[in-house]
Amino acid sequence: MSKPIFKEVDDLPTGGLTVMALKSLDFLIPGQWQNLTGFDNTIRAVTGETDEALIQQIGERAVALYNDKSQGYQRALWLYETVESGSGLLGTAALANRIGQDSFLGFLKNITPKPEKAQSIDLCIKLVTELVAFCQINGIPGDSIGDFLAALGDYSGESLMRMAALVSFDGVIPLGPEFAEKALSIFDGTSPKELEGNPTYKSVQELIPGGGSSEKKGFIAQSFDSTKGWMKSFVSSKNVTQEGLLSRLKGFIEFTDDKADYVGALLDMNVKYYRHTGLQTLARRLIERAVAEI
């Protein structure tokens, strides 16, 4: 890792597009997410501790845990960061495709993926990345779908916000309310070779369980199918709609209704919610474990 973990947490933004986008989802999970930034500040928030010497001790232990390569913490952060950089490439391609349909740049549609297919693959891979990162953080085998599903029901704070953002920004906005069925259907129809050409898949494939792309594709599909019920329940119980989400985004992203389909691609390129909340989750887990071990 290029920066120490405490510096990564210290450098988390307190404002900007990512934070505004996440705050726009507060209505789905009221009060669940606070934008915790700063390593010492996070220690205080997680532990309630005020003793500076103890805060220092907890911080040092958390840093040592993160630096231990036999643990999965560094790999988890790598996943959170990398899946987003691959996704950003998809956003660029999807937006180029959309522009290609609207102007003389029609030739672009021949060299960029269709937004719906790109978004569907992206969504499935982001979901499996959450599962694999969860396994890395908790020190369990990377294919523990059952453990992940059990934990998902208890997700809160940053982790729940990340799933809310996944459902909203990568699901409902680009693909509509039936995004889960649509994405899985499109993903199932994607060949392993097509998958290998996908930037998001290429970025994280080494940590996805499975021998080759065909096995990895099967694992991604199984993971998504297993989690589909939770996502559909989240959408129905929270009454998540494209209109509702877009109206909240209009507070800080300018677009007209006829250009709403650009928004998914714009979010892909500019809103780094996976890394942001992933780093917050990672810091919390490190601190909780450090406290338990002191």
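Taking into account only those residues within the stretch 62-83 that are outside any helix (DSSP H, G or I) and not polar (S, T, N, Q), which is farthest from T47 (Cα to Cα)?
K69
Just give me the residues in the stretch 235-266 being under 17 Å from V19 (Cα atoms), assigned to a loop (DSSP other than H, G, I, E, B), touching a residue at least 12 places away in the same chain (Cβ under 8 Å) and not aliphatic (A, V, I, L, M), in sequence order.
G251, F252 - these are the residues of the stretch 235-266 that are under 17 Å from V19 (Cα atoms), assigned to a loop (DSSP other than H, G, I, E, B), touching a residue at least 12 places away in the same chain (Cβ under 8 Å) and not aliphatic (A, V, I, L, M).
Does any residue of the stretch 177-184 turn out to be under 30 Å from G15 (Cβ atoms) and either in contact with a Gly (Cβ under 8 Å, 6 or more places away or on another chain) or in a helix (DSSP H, G or I) (or both)? Explain how you work it out, then say what you get.
Here is the first cut: in the stretch 177-184, the residues under 30 Å from G15 (Cβ atoms) are 179.
In the following step, the residues that additionally are either in contact with a Gly (Cβ under 8 Å, 6 or more places away or on another chain) or in a helix (DSSP H, G or I) (or both) were identified as 179.
For the stretch 177-184, residues under 30 Å from G15 (Cβ atoms) and either in contact with a Gly (Cβ under 8 Å, 6 or more places away or on another chain) or in a helix (DSSP H, G or I) (or both): present.
Within the stretch 149-176, can you find the residues that are in a helix (DSSP H, G or I) and farther than 20 Å from E81 by Cα?
L149, A150, A151, L152, V172, I173, P174, L175
Only one of F252, F224, F219 is surrounded by fewer than 21 Cβ atoms within 10 Å (Cβ to Cβ), over 30 Å from E49 (Cα atoms) and in contact with a Leu (Cβ under 8 Å, 6 or more places away or on another chain). Can you tell me which? Please lay out each step first, then the result.
Working: F224 fails: surrounded by fewer than 21 Cβ atoms within 10 Å (Cβ to Cβ); F219 fails: in contact with a Leu (Cβ under 8 Å, 6 or more places away or on another chain).
Of F252, F224, F219, the one residue that is surrounded by fewer than 21 Cβ atoms within 10 Å (Cβ to Cβ), over 30 Å from E49 (Cα atoms) and in contact with a Leu (Cβ under 8 Å, 6 or more places away or on another chain) is F252.
Scan the stretch 28-57 for residues that are more than 19 Å from the chain's Cα centre (by Cα) and hydrophobic (A, V, I, L, M, F, W, C) and jot them down.
F39, I43, A45, V46, A53, L54, I55 - these are the residues of the stretch 28-57 that are more than 19 Å from the chain's Cα centre (by Cα) and hydrophobic (A, V, I, L, M, F, W, C).
Restricting the search to the stretch 219-253, which residues are over 19 Å from I125 (Cβ atoms) and among the aliphatic types (A, V, I, L, M)?
Residues satisfying the conditions are V235, V240, L245, L246, L249, I253.
Considering each of G229, G264, G278 in turn, give the residue that is under 26 Å from I145 (Cα atoms), within 20 Å of the chain's Cα centre (by Cα), surrounded by 17 or more Cβ atoms within 10 Å (Cβ to Cβ) and of a type in the set (G, A, S). Write out each step before concluding.
Values: G229 fails: surrounded by 17 or more Cβ atoms within 10 Å (Cβ to Cβ); G264 fails: under 26 Å from I145 (Cα atoms).
Only one candidate qualifies: G278.
Determine whether the stretch 65-74 contains at least one residue that is crowded, with 16+ Cβ neighbours inside 10 Å and within 26 Å of S237 (Cβ to Cβ).
No: zero hits.
Within the stretch 90-108, can one find any residue that is under 23 Å from K232 (Cβ atoms) and either at pLDDT below 95 or buried (at least 18 other Cβ atoms within 10 Å of the Cβ) (or both)?
No, the stretch 90-108 contains no residue that is under 23 Å from K232 (Cβ atoms) and either at pLDDT below 95 or buried (at least 18 other Cβ atoms within 10 Å of the Cβ) (or both).
Small (G, A, S) and part of a helix (DSSP H, G or I): does that describe G59?
The answer is yes for G59.
The values are calculated or read from the model by the stated rules, or taken from the named source; none is laboratory data. These numbers come from a predicted model, not from an experiment. Please note: Cβ atoms are built from the backbone with ideal geometry, for glycine as well, and neighbour counts cover all protein chains shown.
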